[in-house]
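The values are calculated or read from the model by the stated rules, or taken from the named source; none is laboratory data. All values derive from a computational prediction rather than experimental measurement. All Cβ positions, glycine included, derive from the backbone under ideal geometry; neighbour counts span all protein chains shown. Accessible surface is based on the protein model in full, side chains and every heavy atom, while ligands, DNA and RNA are left aside. Shrake-Rupley method; radii C 1.70, N 1.55, O 1.52, S 1.80 Å.
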Amino acid sequence: MPGVRTFLETWSFDPVAALLVVAVLVAYLIGVRRAGRAGTRWPPGRTVAFLLTGAGSYAVVSFGFLGAESRELRWAFVTRVAALLLVVPLLGLLGRPLDLAQAALPPGGARVLRRVVGSRPAQLLGNAVVAPLVACAVFCVFLTPLAGAWRTSPAGEEATSLLLPLLGLLLVLPAAAQTGLRSEVFVVAEFGFAFLELVLDAVPGLVLRLTGHVLDGVGAVVGAVPHWFPGPLTDQHWAGDLLWSVAEVADLPVLTLLFVRWVRSDRHRARQVDGLSEAELDALVRDHLGRGR
């Protein structure tokens, strides 16, 4: 592994990532200005959080060591992909971009945005069951020769910078925007599947770590390399270790979201029961006991 100094001092410029950062920052600041004109005072802390944690984390991943060395190092590439797909979008939510868009858009535009976010395709992608499956499917590419072509091609480089964070946002924005209550059975089912995903997400990392041959078909880097540079198989093993760690940590916010939904559903159910009269409560108990026979 490189030393801390090497990791901090290694940078490269990615024009696609730079254009995306500028576009996102400009759009966010315009949204803050329009929200203020519409009478909504946008908290400065959210703007700072979006600039530092959202756009800032994307810039560090894209321009820092992970972006500079992702074509030569499997572990840098795998960590970069996992960060852009799972970590950066979650950090961007600290700036509440969806709430800002609602406040900045005119009434017609806000209605369209709510309709899009609440649509079935968006809700399907943001579902706590489907979203981890999409991430797991992306990680399974690392177990095939497609990973080598993806890592070493210019088109793959641009797609990584542009498409992965957008896919990550599609996975987290609908889930973060959900305010409706779910049935207790559905929430329990989501909990069970989310815990299953804790195991499934570890599989690609474990396979990379335990396999005794290089899976992506790319050989050793040609030319002079630093003394710390790993061989292809060691590089793959390090990639498996890091992928396992990032994927497992990124599952924690999903479990937290499900817990919040469960608490909200339980409180709503408790309020409904508290509002019943004695006669209505007796009828509800008799109906429940009758179904159990």
Original post:
For the stretch 81-155 and the stretch 16-52, what is the separation of their Cα centres, given in Å?
Top reply: 19
**OP:** Express the carbon and sulfur contribution to the solvent-accessible surface of the stretch 1-133 as a percent, rounded to the nearest whole number, probe 1.4 angstrom.
**Re:** 69
Original post:
By its C-alpha gyration tensor, with a ≥ b ≥ c as the square roots of the eigenvalues, how is the stretch 84-143 shaped: rounded for a/c under 1.5, else prolate for a/b larger than b/c, else oblate?
Top reply: oblate
**OP:** Would you mind getting me the FRET efficiency between Arg33 and His213? Use the beta-carbon distance for r and R0 = 51 Å, nearest 0.05.
**Re:** 0.35
